[in-house]
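Enquirer: Below is one structure. I have some questions about it.
Only the coordinates and a few stated rules stand behind these numbers; no lab work does. Here the structure is a predicted model, which means the values were calculated and not measured. Here the Cβ positions follow ideal geometry from the backbone for every residue, glycine too, while neighbour counts run over all protein chains shown.
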Amino acid sequence: MNIKVCGITSLKQLQQLDGLEVDFAGLIFYKNSPRFVGNKLTIEELAGADLDIKKVGVFVNEEHDEIMRIVEDYDLDVVQLHGQESPHFCEKISGEIEVIKAFSVDDASNNSVDYMIADYDEVCDYYLFDSASKGLAGGTGKKFDWKRIADSKIEKPFFLSGGIEPNDATMVKKFKHPDFYGVDINSKFEKEPGVKDMGQILHFLHSLK
């Protein structure tokens, strides 16, 4: 089970996650997000950090050149595209760095998950499934119906996201899919936006074992 903690805004918490052997840390470079990292965690701080955790830059409909500039400046390992990026755009980015393409799952929609992801199968490395919300870019902090994922083929490693809470470990362990790769946690593990409760994260990690 791979764990991705998104919305990290400080070097200290990045180091703490690394010490807990969390696999991925999400750094949000979307300026309208309350967890925007661009004015909190400096390039200079990261330059001297010896970390095993994979740093994921989260972007929403950003320009290619700006993404790649930030990838280089912050020494990112993975890019997460959380907007309406086209398959062609994903392919362009994935030619330079690993890509997680995020999809918003709307329980009210009749579109199948397999239909939604079909054009992206060859142009990214991972999928991430989050809850859909009108007018919002990024997560809602609410769960969608995971059965929609369980009943889909997908055939690519994927993360489950959206409203996962510290006491949801049993629910996560019961979820079955051959390509289920990990979970993405964020707002339900916070003291305030961008500040994680490490005690809750540790509890969750222990409960998954």
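Enquirer: Mind listing just one residue for me: the one in the range 164-182 that is more than 18 Å from the chain's Cα centre (by Cα) and in a loop (DSSP other than H, G, I, E, B) and, of those, farthest from Asp197 (Cα to Cα)?
Expert: Pro178
Enquirer: Does the range 88-100 contain any residue that is basic (Lys, Arg), surrounded by 21 or more Cβ atoms within 10 Å (Cβ to Cβ) and in contact (Cβ under 8 Å) with a residue 24 or more places away in the chain?
Expert: Within the range 88-100, not a single residue is basic (Lys, Arg), surrounded by 21 or more Cβ atoms within 10 Å (Cβ to Cβ) and in contact (Cβ under 8 Å) with a residue 24 or more places away in the chain.
Enquirer: Let me ask something additional. Considering only the range 167-209, state which residues are touching an Asp or Glu at 6+ places or on another chain (Cβ under 9 Å) and aromatic (Phe, Trp, Tyr).
Expert: Residues satisfying the conditions are Phe189, Phe204.
Enquirer: Given (1) assigned to a strand (DSSP E or B); (2) touching a residue at least 40 places away in the same chain (Cβ under 8 Å), where does Gly83 come up short, assuming only one miss?
Expert: (1)
Enquirer: I would also like to ask the following. Looking at (1) outside any helix (DSSP H, G or I); (2) of a type in the set (A, V, I, L, M, F, W, C); (3) within 25 Å of Leu27 (Cα to Cα), can you tell me which one Ile154 breaks?
Expert: Failing condition for Ile154: (3).
Enquirer: Let me ask something else about it. Do you know which of the residues in the range 1-55 that are of a type in the set (Lys, Arg) and in a loop (DSSP other than H, G, I, E, B) is nearest to the chain's Cα centre (by Cα)?
Expert: Here the residue is Arg35.
Enquirer: While we're on this one: Go through the residues of the range 163-185 one by one and say whether even a single one is surrounded by 15 or more Cβ atoms within 10 Å (Cβ to Cβ), in contact (Cβ under 8 Å) with a residue 60 or more places away in the chain, under 22 Å from Asn32 (Cβ atoms) and touching a Pro at 6+ places or on another chain (Cβ under 9 Å).
Expert: Yes, there is a match, as at least one residue in the range 163-185 is surrounded by 15 or more Cβ atoms within 10 Å (Cβ to Cβ), in contact (Cβ under 8 Å) with a residue 60 or more places away in the chain, under 22 Å from Asn32 (Cβ atoms) and touching a Pro at 6+ places or on another chain (Cβ under 9 Å).
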